[in-house]
Every structure is written in C-alpha cells, then in structure tokens.
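Each remark here refers to the structure printed beneath this line.
The values are calculated or read from the model by the stated rules, or taken from the named source; none is laboratory data. Owing to the predicted nature of the structure, the values given are computational and were not obtained by experimental measurement. Cβ coordinates were reconstructed from backbone atoms using ideal geometry, including for glycine residues, and neighbour counts include every protein chain displayed.
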Amino acid sequence: MFRARVFLSLTAEASIDPDTQQRAKEYQRRKRVVSWTSSILLLVFLLAAYTTGLSTALAEALTSRWGFWGSSISYFALLFVIAMVLRAPFDYKDDFLIEKEYGFSTQTPAGWAKDLLKGWVLNFIILGIAALFTFWALQAIPKLWWLVVGLGYVVLVVVLGQLFPVLILPIFYKLRPLENHPLQEKIEQFLQKGGLRAQGIYEMAASEKTTKENAMLAGLGQTKRVILFDTLLRNRTPDEVEVVVAHEVGHSYHRHTWTLIFSQALLFLLTLFVLDLIMVQIEPRFAPEQRTLSTILAVLPLMLVVFSALSFLFKPLTLFMSRHCERQADTFALETTGKPQALIRFWVDMARRQLSDAYPHPLIKLFYYSHPPLSERIALAERWAHSKGGVTS
Ligand SMILES: [Zn+2]
C-alpha cells in the first residue's frame, strides 16, 4: 500500500474499506490486462504485415491500379477493418463482460453491439480524414510533414471539441437540458462564475448503459456545457451534486479545455517530430527523396508501431497535466461551495461503489491516472478544510 505521502483523517480512511479496495484493484487490473493483450496483438499483426512484405505487396498492388484517393482509402479501410475485428473480442470482454460481472453495465449484448458499430462508423470517418491528410502531407511536404499534420490535429480537435456535445455524444446517449431541478438557481450562479451560459447544464441518460455516476465539461465556445449523468442526479444528495457541478465549472473557469488542447498538441508535435527522426534512420524508403504514396503505405505499419511506442512513453506527461487541472478544479469546488465534507463523502463512495483504486501503484498512476487517486483528492479536501479551521468528518 502506497500510503506514505497521504494522510487521511480516521473517518475517511476507515470508510475506504480494504475489501472493496482489493476488489477495485482486481477490477482495474483485469481491465488493463485485456486492453494490453488487445494492443500487443495489434502491434504484432502490424509488425508481421511489415516484416513479411505483405504491406509492400499490398501498397504496390493498390498504387499500380489506382491514384491517391483510391489507393489511400482502400488501404486505410482494409487496415481499419482488420484492427477493429482483432479488437472486437477484447472490447466485448472489457466493455461488456467485465462491466456486467462487477454490476456496472445495464446494457443488453445487442445494445452493446449497436454502440460498437456506431463507434466504428464514427472512428472510420474521423481517423479516415486524419489518415488521408497525413498520407497527403508525407508526400507533398516530405520534410515538414510532421509540422503540418500537427497543426491539422489542432484544427481537427477544435472542430471535434465543438461538435462533441451536440453531434457526437447524442449518437450514444439521450441528452436534455436540466430543468426544474431543486438546485437550479444555485447551479446557474456557478455557471455564470465559470463563464458558462445559464442554460449550459444537461442531463444525460447514462442509466440506460451503466450504473456509474459521472459528470463532465464538454464542448467549446457556444457548445460548452456541463453534462451530468442521470445516475448522479438520482443517487446523490443535493450537496454532493452541488460540489460535482462546481468541480466541472472549475474546469471552465480555469479554461482547462484549451490548456489540454494546447499541451496535447505540443506533445503530439513532439511525437511526430521524433517519429520522423526514427523512421528516417530505420527505413531507407522513408527518406524524403524516396517517398511516394506506395512507399508511405508500405512502411505505414512500422510507422504505427513506432508511433504507439512513443505515445505510450509520452503519455505520463499528458496525464500529469490532466491531474494538475483536476486538482485546480477540486480547489475551485472547495472554494466556491465551502463543502469539503460533501466532496469527501462523494469520493469515499466512488472508491467503494465504482471500484476506483484509491491507492494505485505509482507506476499505474503515472501511466493511467487522468485524475489524482481518490486518496489524494480526499487528502486535498481535508487539508483545505484544516486550513479554514473546519472539521472534516
Ligand atoms: Zn474534472
């Protein structure tokens, strides 16, 4: 147990009971094993396609028949379908079977499969646009392709960020503006403080799919809004809903969406830059002078493997930034509501009912935690309460 740096009050510590924490660790570990197996299988497939010359043969066959559009689209489509089919059994295990086993999923197998297909279509469109743009840049701007693709990424993320709550999320969940809620007036005061429109709060019918409770700040500019799971509204006390809303408004107040877009874009640019350096070293056909659409498609599986490895290595930086934002939002929630007890109650219950591992191994935190572990969040709220001279039990 890695508790050395975190001191919780006896009450909070006692409430995070060791048995459920053991179950939480097991739940999280099983999900990680499934996702790792699926990723490794995909990487092995990509390496095999590259080393056996399959990707070269395919690239040559396609480009000798068709031009840029025909070859690029058919190559991408084939790779996409193979990747999704390889992943599907693991997704089923991770998103459906394990979630059912631990009592979270409320979906039927058919409902789950429908969501999977919707996800495939959506990803096919988004990744397809990104792939075609990258193929074009690799060929048209052979030395600075990474810079152009990096900038293209920012445009895509901003557009998707705007569309997410109004076009993408409604494909999966029913959403409606929160109306006549007992906390309406209070919530609207918060929203104004965080630079959100008074009507910027929505209820999402999450209970059709899960028993988990959550909230998020979604969208950019005109589409920015706080979205609350109906499970949260149903099961939480008004005080707890209030602090959760205040946390989300804190993200808006501190402009975290832009902070994260900007920092991730920089990191993505760095990843592409290093990818370019490595590829030029290890694959002669990637040299700017040699590059044609045929060589790009031939070496693409290798590019994807190197890209995945680099993304994994850089992931802790993104997560570190995200955890920093989460701490700021937690502090904002404490300052605006003055209700540390409600936050602590909510988090203790998250550890218990949603099987969140409150004391993860430092390496797990480094590579997986976009939010500080609950033990640290509780400790933050307790320190805040102590600094105000309050009682935290
Ligand atoms: Zn947050």
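Numbers at a glance
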quantity	calculated
Unmet requirement for Val81, which otherwise passes all of (1) crowded, with 16+ Cβ neighbours inside 10 Å; (2) assigned to a helix (DSSP H, G or I)	(1)
Selection status of Ile125, surrounded by fewer than 14 Cβ atoms within 10 Å (Cβ to Cβ) and either touching a helix residue (DSSP H, G or I) at 6+ places or on another chain (Cβ under 8 Å) or part of a helix (DSSP H, G or I) (or both)	yes
Test: residue in segment 241-261 that is assigned to a helix (DSSP H, G or I), more than 16 Å from the ligand (Cβ to nearest atom) and among the acidic types (Asp, Glu)	no
Test: residue in segment 277-286 that is buried (at least 18 other Cβ atoms within 10 Å of the Cβ) and not in a helix (DSSP H, G or I)	no
Conditions (1) among the polar types (S, T, N, Q); (2) more than 16 Å from the ligand (Cβ to nearest atom); (3) in contact with a Phe, Trp or Tyr (Cβ under 9 Å, 6 or more places away or on another chain); number of the one not met by Thr337	(2)
Unmet criterion (only one of (1) touching an Asp or Glu at 6+ places or on another chain (Cβ under 9 Å); (2) assigned to a helix (DSSP H, G or I)) for Leu228	(2)
Matching residues in segment 345-372 - criterion: being of a type outside the set (Gly, Ala, Ser), away from the ligand (no atom under 14 Å from the Cβ) and not in a helix (DSSP H, G or I)	Gln354, Leu355, Asp357, Tyr359, Pro360, His361
Pairs, first more than 20 Å from Leu220 (Cα to Cα) and without any contact (Cβ under 8 Å) to a residue 12 or more places away in the chain in segment 133-157, second of a type in the set (Val, Ile, Thr) and buried (at least 17 other Cβ atoms within 10 Å of the Cβ), C-beta under 6 Å, six or more apart	Ile141/Val148
Per-region count, segment 16-57, residues among the aliphatic types (A, V, I, L, M) and surrounded by fewer than 18 Cβ atoms within 10 Å (Cβ to Cβ)	9
Qualifying residue in segment 370-381 (condition: modelled with pLDDT under 95 and loosely packed, with under 15 Cβ neighbours inside 10 Å)	no
When residues of segment 320-333 are limited to those that are within 13 Å of the ligand (Cβ to nearest atom) and among the hydrophobic types (A, V, I, L, M, F, W, C), the one nearest to Ile364 (Cα to Cα)	Met321
